[in-house]
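Working notes, structure below.
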Amino acid sequence: MKRTLRYHSRAQRDFVSTASRSMEQWGAEQTRRYLDVIEAQIQRIVENPMLGADAELPRLGLRKIVAGRHTIFYIADEREVQIVRILGQ
């Protein structure tokens with residue numbers, strides 16, 4: 001059974017903010033390549049949620065994985081992967 005992917009509203013804002021900052025600093029082509037790195041890592045999480053490490057935070061089940069210079073925080077179960085935040089280093 002394939003898991004569905006859902007973005008928390010904060011994660012959506014993080015992604016848009018990352019794209020905006022990257023566009024200002026690096027331009028469209030580099031921004032697209034970098035966002036592709038983040039999106040590919042998210043796809044890997046959907047396929048295998050245990051790739052990430054335990055985030056060791058108070059929220060039970062929160063995991064994290066690095067994508068470029070960002071860390072993706074997520075929660076997964078058998079049906080769904082929820083992207084909680086995408087934070088720059």
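All of the numbers you see were taken from the coordinates with simple rules; none came from a lab. All values derive from a computational prediction rather than experimental measurement. Positions of Cβ are generated from backbone atoms using ideal geometry, with glycine treated the same way; all protein chains shown enter the neighbour counts.
So here's what we get for this one:
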read-out	value
Dipole of region 4-88, positive end: most advanced residue of ALA11, LEU60, MET50 [Cβ charges, Cα centre]	ALA11
Label selected from [x] 116, 37, 14; [y] 38, 29, 21; [z] 51, 28, 21, the criterion being Cα extents along the principal axes in Å as computed here	[y]
Neighbour-count ranking [beta-carbon atoms within 10 angstrom, fewest first] of ILE65, ILE83	ILE65, ILE83
In order through region 57-74: 3J(HN,Hα) via Karplus (6.51 cos²θ - 1.76 cosθ + 1.60), integer Hz, x for Gly, Pro	10, x, 7, 4, x, 5, 10, 9, 8, 8, 9, x, 9, 10, 10, 9, 9, 8
Backbone N within region 58-77 under 12 Å of label point (7 Å from ARG6 Cα along the Cβ vector)	75-77
Folded to 0 to 90 degrees: helix 28-47 orientation relative to the chain principal axis, Cα	10 degrees
Bridge type composition, the chain - antiparallel percent by DSSP, nearest 5	80 percent
Rounded to 10°, Cα long-axis angle of helix 9-26 versus longest principal axis of the chain	30 degrees
